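Heads up: the structure comes next, in C-alpha cells.
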Amino acid sequence: MPSKVVVGVQWGDEGKGKVIDILASRADVVVRSQGGNNAGHTVKSGGEVYKLHLIPSGILYKGVKCYIGCGVVIDPQDLLREIDGLAERGVDCSNLRIDPRAHIIMPWHRKLDGLSEKALGGGKIGTTGRGIGPCYMDKYERSGIRMYDLVHDEVFTRKAKAVGQLKNEIITKIYGGDPLDVDAVIGEYLEYAKRLAPYVEDVSVLTDQAVREGKNILFEGAQATLLDIDFGTYPYVTSSHPVSGGAAIGAGVGPNRLGEIIGVAKAYTTRVGEGPFPTELFDGTGDLIRNRGQEFGTTTGRPRRTGWFDAVLIRHAVRVNGLDCLAVNKFDTLSGLETLKVCVAYQKPDGTVLTEYPCDIHELEGAAPVYEEVKGFSDDISGCKTFDELPQACKAYIERLEELCGCPIKMVGVGPSREQVLER
Ligand code: GDP
Ligand code: IMO
Ligand code: MG
C-alpha cells in the first residue's frame, strides 16, 4: 500500500511541513485529519517560504488533491485568508475539498479561548488563542456547528442564533466579558459560506475512492504526540488526536488504509506554551539552540522553549503511533556543541527511575533527566548530500538515537529546504 501518515512525535514544530512537502511530490492526495489553524507548517520551496495553517502542504504541487477531513476544526475567515494569500502568490486551491462534517470555529470560540486562559492565570495552558479547545468542546458536547450547517443558510442561522445567545451568557455572566453581536456574526459567516460552498464534499468518500484506485495518499498530521489529548502532557495539550490513530477517524477511512507511519522529530526538543518539559535547558546552550535553530513559533511568533533530545518521550511516541520509521530534522543546528546529551530515563526525587513516559504529569514533578553523553560535531553539515558525507560523530549520534528510540531514522534533516534531507 503506497499510503503514508506523517505525525509529530514531540511537542510540535518538528519540521513536518518540510517532510510532507517532500513526500507530497510523490503523492496524489494529501489529507489533513485533525487540529486547525493552531498548526503552522513551514515549506521552503525554490527560495520561497510558505507558512501553511489549515490547507494541506500538498497544495504547492499542481496535480495533488488536498482534503480537509471531518476531524479538523475550521476558522472560515482564516481559511479564506490562507486561500487568498496563496492565490496572490500564484498557488491555485481549486483542488481543495472540505468535509461537511468538519466543525466551524465561531468568534465565541476564539473569545472563550482567551477568556478561559486569562481566568486560569498562572495555570494557563498557553494555547494559540485560535479557539481550538472551545470548538472541540462544542463538538463533543454535540452543540457544534458543522461545515454542512454553514453552507445551508437556514440551518446555520437557526443554530448560530441559539448557540450564540447561550455563549453570550457564558461570556458575560461567567467571565465578565463583552457580548458578541450574534446577528452580525451570522451575516459575516454567511458571506464566508458563499465562498467556501464550492469546496465542500464528502472527504471520506473521496479518500476511499483514492484508496480503491491505488492512489498514493499522504495523511498530514498537525501538532504532535505529546500534545495529544490522551497521550500528551494533559492538561497541557491540544484538544484533538494528533497520533496516527486520529488520522483514520479524522479522514473517514479504516485504520488498515493508513500505510506506513512516519514520525517527525527534531535532533533536540522544543515546546511552545506551558507544561512539563523534563530536558528543558535554561542556560546558554538553550539560547544557542533557540537562536541558531530560529525557534520562534510559526503561528504565534512566541519563542520556543528548547532542550536536549528525550529518548523516553520518543519511545512513547513509537509505541502509541506504531511508528515504522523516524524523520529527524535540524541536526545542522547542533553543530559546534562539544557534547550532546540524550535523556534515557527520569529519576524521581525518591530515587525511582522511570524508563516509560508516565501517564500523568504529576509523576514528573521534581524528576530529573538521566543523560547519556555523546560526542558532538563542529563541521557545517548543511551542504551534505548523503548520509555518508556526514562527520563520523554526527553519524554516531544518529545511530545512537536509533538504538535508544528503537526505531530506524530514515530521513536526516540538515537544513530547512527540500534538498536538505538525507534519505537512507
Ligand atoms: P511543523 O509545524 O512541524 O511543520 O514545523 P514548523 O514549520 O512550525 O517549524 C519547523 C522550522 O524548522 C521551520 O522554520 C522549518 O523551515 C525549519 N526546519 C525544518 N527542518 C530543518 C532542518 O533540518 N534544519 C533547519 N535548520 N531548519 C529546519
Ligand atoms: P504544529 O502543527 C506547536 C500547542 C500550544 C499550546 C497547546 C494548546 O505547527 O506542530 P491550542 O491552541 O491547540 O489549544 O494550544 O498546544 N500547540 C502547538 N505547539 N506546534 C503546533 O502545531 C501546535 N498546535 C498547538 O502552543 O501549548
Ligand atoms: Mg509548526
Name the pairs: first residue in region 247-259 and within 16 Å of Val7 (Cβ to Cβ), second residue of a type in the set (Phe, Trp, Tyr), Cβ to Cβ under 8 Å, at least 6 apart or on different chains?
Ala247/Phe219; Ala251/Tyr67; Ala251/Phe219; Leu258/Phe219
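With respect to Glu117, determine if the residue is open to solvent by 10 Å² or more (accessible area, probe 1.4 Å) and within 12 Å of ligand 2 (Cβ to nearest atom).
Values: open to solvent by 10 Å² or more (accessible area, probe 1.4 Å): yes; within 12 Å of ligand 2 (Cβ to nearest atom): yes.
Criteria met by Glu117.
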Filter region 1-18 for residues that are buried (at least 24 other Cβ atoms within 10 Å of the Cβ) and hydrophobic (A, V, I, L, M, F, W, C); which is nearest to ligand 2 (Cβ to nearest atom)?
Trp11
Being more than 11 Å from ligand 3 (Cβ to nearest atom) and modelled with pLDDT of 95 or more is the filter here, so list the residues in region 25-36 that pass it.
Ala27, Asp28, Val29, Val30, Val31, Arg32, Ser33, Gln34, Gly36
Would you pick out the residues in region 50-75 that are without any contact (Cβ under 8 Å) to a residue 60 or more places away in the chain and not aromatic (Phe, Trp, Tyr)?
Leu52, Leu54, Ile55, Ile59, Leu60, Lys62, Gly63, Val64, Cys66, Asp75
Wholly within region 280-390, which strands (runs of 3 or more DSSP E) include no fewer than the required count, namely at least 2 residues that are open to solvent by less than 70 Å² (accessible area, probe 1.4 Å) and away from ligand 1 (no atom under 16 Å from the Cβ)?
339-347, 368-375
Members of region 44-75 that are at pLDDT 95 or above and within 12 Å of ligand 3 (Cβ to nearest atom)
Lys51, Leu52, His53
How many residues does region 144-158 contain that are within 27 Å of the chain's Cα centre (by Cα) and open to solvent by 40 Å² or more (accessible area, probe 1.4 Å)?
2
Mind listing whichever residues of region 254-279 are part of a loop (DSSP other than H, G, I, E, B) and within 16 Å of ligand 1 (Cβ to nearest atom)?
Ala267, Tyr268, Val272, Gly273
Filter region 159-181 for residues that are touching a residue at least 24 places away in the same chain (Cβ under 8 Å) and open to solvent by 80 Å² or more (accessible area, probe 1.4 Å) and give the result.
Lys161, Tyr175
Can you tell me which residue among Val64, Val72, Val49 is at negative phi and buried (at least 24 other Cβ atoms within 10 Å of the Cβ)?
Val72
Quick check: is even one residue across region 367-382 without any contact (Cβ under 8 Å) to a residue 12 or more places away in the chain and of a type outside the set (Phe, Trp, Tyr)?
no
When residues of region 121-133 are filtered for being surrounded by fewer than 18 Cβ atoms within 10 Å (Cβ to Cβ) and either within 16 Å of ligand 3 (Cβ to nearest atom) or assigned to a helix (DSSP H, G or I) (or both), how many remain?
5
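Yes/no per residue for (1) in contact with a Leu (Cβ under 7 Å, 6 or more places away or on another chain); (2) under 28 Å from Ala327 (Cα atoms); (3) free of Cβ contacts under 8 Å to residues at least 60 places away in the same chain:
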site: Val185; (1), (2), (3): no, no, no
site: Leu190; (1), (2), (3): no, no, yes
site: Ala197; (1), (2), (3): no, no, yes
site: Val200; (1), (2), (3): no, no, no
site: Thr207; (1), (2), (3): no, yes, no
site: Ala210; (1), (2), (3): no, yes, no
site: Gly214; (1), (2), (3): no, yes, no
site: Leu218; (1), (2), (3): yes, yes, no
site: Thr225; (1), (2), (3): no, yes, no
Scan of region 233-248 for residues that are assigned to a loop (DSSP other than H, G, I, E, B), of a type outside the set (A, V, I, L, M) and open to solvent by 10 Å² or more (accessible area, probe 1.4 Å), ordered by number
Tyr234, Pro235, Tyr236, Thr238, Ser239, His241
Checking the conditions here, which among Lys18, Lys65 is within 15 Å of ligand 1 (Cβ to nearest atom) and either closer than 26 Å to Tyr136 by Cα or of a type outside the set (A, V, I, L, M, F, W, C) (or both)?
Lys18
Out of the residues in region 190-232 that are within 21 Å of Val253 (Cα to Cα), more than 11 Å from ligand 2 (Cβ to nearest atom) and of a type in the set (A, V, I, L, M), state the one that is surrounded by the most Cβ atoms within 10 Å (Cβ to Cβ).
Val203
Just wondering, is there one or more residues in region 147-157 that are among the acidic types (Asp, Glu), farther than 15 Å from Arg97 by Cα and in contact with a helix residue (DSSP H, G or I) (Cβ under 8 Å, 6 or more places away or on another chain)?
yes
Going residue by residue through region 36-57, is there one that turns out to be over 23 Å from Gly297 (Cβ atoms) and β-branched (Val, Ile, Thr)?
no
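The values are calculated or read from the model by the stated rules, or taken from the named source; none is laboratory data. None of the values given here were measured: they were computed from a predicted structure. We place every Cβ from the backbone using ideal geometry, glycine too, and count neighbours over all the protein chains shown. Accessible surface areas use protein heavy atoms only, side chains included; no ligands, DNA or RNA. Shrake-Rupley method; radii C 1.70, N 1.55, O 1.52, S 1.80 Å.
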